[in-house]
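For reference, the structure is listed below as structure tokens.
The values are calculated or read from the model by the stated rules, or taken from the named source; none is laboratory data. All of these numbers come straight from a predicted model, not from anything done at the bench. No Cβ is skipped: glycine too gets one built from the backbone with ideal geometry, and neighbour counts run over all protein chains shown. Protein only, heavy atoms only, side chains kept; ligands, DNA and RNA dropped before computing areas. Shrake-Rupley method; radii C 1.70, N 1.55, O 1.52, S 1.80 Å.
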Amino acid sequence: MNVLQRLLSGGGVRVPHHKDTANYPTEHIPLPKKIVLPMSQHVGAPCEPCVKKGVRVYVGTMVGRAPSAMSMHIFSSVSGKVTAVEPILYKAGRGDMVVIIETDGLQTVDPSITPPDVHDRESFIAALEVSGIVGMGGAGFPTDIKVTPKNLSEIDTLIINGAECEPYLTTDNREFLECPDSILFGIRSCLKWLGIPSALICIEDNKPAAIDLMTRKTEKDPQISVKVLESRYPQGAQNVLIKNATGRIVPRGARHTSVGVMMLNVTTVSSIGKFLETGMPLVTKRLTVAGDAIENPKNLEVPIGVSIDDVVNYCGTTEEAGKIIIGGPMMGEAQMDVNYPITRQNNGVLVFGKKSSARPIATPCIRCGRCVNSCPMGLCPVDIRNAYVEHNAQELDRLMADLCIGCGTCSYVCPAKRPLAPTVTLAKTFLKTHSNREKR
Ligand code: SF4
Ligand code: SF4
């Protein structure tokens with residue numbers, strides 16, 4: 001059985017959902033005293049700060065200008081005064097520039113904010129270029145680039161990714177329940193201006209209220225339908241969702257648009273709808289704050305740039321944190337410093353106590369094959385690990401290590417607690433570096 005056949009046959013794993021906040025309406029936290037806006041909040045080159053210390057800014061004022069198409073402008077989420085534009089050591093040794101703004105408590109909206117004039121495809125794309133919207137599933141890919149693939153005329157399906165398969169996180173679920181009309185306006189705008197015939201709203205079956213609401217709201221719309229999917233991690237991974245929603249398999253090394261689909265996260269498409277209605281660029285973010293050390297788990301809407309500490313303090317803690325994760329427990333990133341700011345790609349803050357976050361001790365592989373059977377991409381993580389240890393690029397290529405999506409399933413299921421996923425990620429990077437060298 002080859003990799004693509006195995007992908008067709010399933011994989012993935014059932015994980016405990018821990019979605020206790022699914023029915024918690026979104027709350028707003030009190031305005032923080034200051035916000036910190038990193039210039040890297042997307043996949044491309046960092047933005048260039050376009051404000052100076054002492055300047056007054058408003059909600060929606062541009063503070064970081066995108067230097068290239070793969071970047072996205074950054075806007076202030078508060079009104080107040082810029083107190084610093086300075087470098088910081090941000091996230092695991094990476095440097096960045098930040099704009100720090102002291103809030104004035106007034107939340108005055110920038111007077112230049114007006115709904116964009118959208119009347120054709122070009123004006124739609126031009127509007128998205130200044131919307132501040134990037135992929136909200138965590139990728140941070142600029143949305144104006146995402147919706148303009150070279151083969152746009154071949155796209156027949158817009159997939160709305162509302163799977164939200166990571167345990168604990170319920171922000172997309174709340175987006176469905178609290179902003180269904182913005183979601184539908186965003187979808188209809190994309191279909192209309194991009195010329196895509198139909199949309200599939202994909203939701204896991206552990207979100208019955210969202211399924212019911214979106215089904216009722218779309219039953220008379222021949223272009224939009226709801227696709228209910230099994231709750232199985234990582235259902236929301238791009239290639240997995242495309243296969244399960246449409247039966248199409250993205251070939252190795254190809255983009256998902258090559259099989260005629262475009263995929264947008266549900267909060268991304270909702271943000272498009274909100275921006276088209278108001279002209280306010282993306283300045284706030286919904287977060288699920290949960291984990292066994294959080295006293296009052298919540299869904300919060302926060303200004304982008306608020307600190308992790310402000311968010312956690314609002315919800316309270318029951319014990320000293322052993323680990324703080326931004327994102328979900330499977331693919332999220334452990335944080336070194338609670339003063340780090342929330343960025344526009346973030347969708348959760350999870351705080352775990354010392355006991356539950358203790359690192360397991362790895363023991364020798366017992367050749368049980370669970371990592372192989374559960375890999376959603378049909379890979380053989382244990383063999384990839386062995387090839388990486390031997391720095392065998394040819395074998396890594398044969399094992400298709402490049403197809404790994406970093407979902408963490410192999411580590412999760414391994415009874416020997418072997419850290420397979422991080423090793424496969426290293427193997428993937430090694431293979432890429434080696435292939436690039438070969439091409440030179
Ligand atoms: S992390 Fe990579 S190798 Fe491991 S299960 Fe996920 S896709 Fe497969
Ligand atoms: S799941 Fe763990 S113990 Fe089982 S084959 Fe894979 S690496 Fe070995």
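Normalized C-alpha radius of gyration of region 142-256, against 2.2 N^0.38 Å?
Output field value: 1.05.
Run the dipole for region 354-440 about the Cα centre, Lys and Arg Cβ at +1, Asp and Glu Cβ at -1, nothing else charged, and hand back the magnitude in debye, nearest 20.
With Lys and Arg at +1 and Asp and Glu at -1, about 420 debye.
Dipole magnitude of the chain about its Cα centre, charges +1 at Lys/Arg Cβ and -1 at Asp/Glu Cβ only, in debye to the nearest 20?
Value, rounded to 20: 1200 debye.
Any idea what diffusion coefficient region 247-292 gets from Stokes-Einstein, in µm²/s, Kirkwood Rh on alpha carbon pairs, 4 °C, 1.567 mPa s?
Taking Rh from Cα pairs, D becomes 94 µm²/s.
Expressed as a whole percentage, what fraction of the accessible surface of the chain belongs to carbon and sulfur atoms when a 1.4 Å probe is rolled over the protein heavy atoms?
In the chain, the share of accessible area belonging to carbon and sulfur is 52 percent.
Given a 1.4 angstrom probe, what's the average accessible area per residue across the chain, in square angstrom?
Here the residues of the chain average 45 Å² of exposed surface.
Identify, among T246, S131, G236, the residue whose Cα sits farthest towards the positive end of the charge dipole of region 121-278, taking +1 on the Cβ of Lys and Arg and -1 on the Cβ of Asp and Glu, with the dipole about the Cα centre.
Of T246, S131, G236, it is T246.
For region 361-439, take N as its residue count and report Rg(C-alpha) divided by 2.2 N^0.38 Å.
My calculation over the Cα atoms of region 361-439 gives 1.04.
With a cut-off of at most 10 other beta carbons within 10 Å, and DSSP calling the residue loop, which trypsin sites (Lys or Arg not before Pro) in region 127-183 qualify? Please list them.
Passing both the DSSP loop test and the Cβ count: K150.
Beyond 20 Å, how much of the Cα-Cα pair distribution for region 108-170 remains, as a whole percent?
46 percent
Pulled fully out, how much extra length does the chain show between R398 and A69, if you take 0.36 nm times their separation in residues and subtract their Cα-Cα distance?
115.0 nm
May I ask you to list the trypsin sites (Lys or Arg not before Pro) in region 254-345 that are in a DSSP loop and have at most 16 other Cβ atoms within 10 Å of their Cβ?
R255
Would you list L276, L350 from the most to the least accessible area, probe 1.4 Å?
L276, L350
Give the separation of the Cα centroids, region 226-274 to region 368-440, in Å.
Taking the Cα centre of each part, region 226-274 and region 368-440 sit 23 Å apart.
How big is the Cα convex hull of the chain in projection, averaged over all directions, in nm²?
For the Cα atoms of the chain, the hull's average projected area reads 21.3 nm².
Once Rh is set to the Kirkwood radius over Cα pairs, what Stokes-Einstein translational diffusion coefficient, in µm²/s, holds for region 327-406 at a temperature of 20 °C and a viscosity of 1.002 mPa s?
136 µm²/s
Projecting each Cα onto the charge dipole of the chain (Lys/Arg +1, Asp/Glu -1 at the beta carbon, about the Cα centre), which of L264, V36, A334 comes out farthest on the positive side?
Comparing the listed Cα positions along the dipole, A334 ranks first.
From a point 7 Å beyond the Cα of K81 in the direction of its Cβ, which residues of region 94-134 have a backbone N at a distance under 11 Å?
102-104
Please report, in Å, the Rg and the Dmax of region 248-334, where both are computed over Cα atoms only.
Values for region 248-334 (Cα only, Rg and Dmax): 17.6, 49 Å.
Scan region 358-421 for trypsin sites (Lys or Arg not before Pro) in coil per DSSP, keeping those whose Cβ has at most 15 other Cβ atoms within 10 Å, and list them by number.
Counting only loop positions with at most 15 other Cβ atoms within 10 Å, the trypsin sites (Lys or Arg not before Pro) in region 358-421 are R367, K417.
Want the number for A254 to I113: 0.36 nm per residue separation, take away the alpha-carbon distance, what's left?
Once the chain is fully extended between A254 and I113, it gains 46.9 nm.
Which translational diffusion coefficient, to the nearest whole µm²/s, is obtained for region 287-440 from the Stokes-Einstein equation, given a Kirkwood hydrodynamic radius over C-alpha pairs, 20 °C and 1.002 mPa s?
The calculation lands on 123 µm²/s.
Of T148, T103, T114, which has the most accessible area with a 1.4 Å probe, and how do the rest follow in descending order?
T114, T148, T103
Out of all DSSP beta bridges in the chain, what portion is antiparallel? Express it as a percent rounded to 5.
60 percent
Pulled fully out, how much extra length does the chain show between R359 and L426, if you take 0.36 nm times their separation in residues and subtract their Cα-Cα distance?
Full extension of this stretch gives 22.2 nm more.
Kindly sort S153, S123 by accessible area of their heavy atoms, largest first, with the probe set to 1.4 Å.
Descending accessible area places them as S153, S123.
Over the residues of region 1-153, compute the C-alpha Rg and express it relative to 2.2 N^0.38 Å.
That ratio works out to 1.32.
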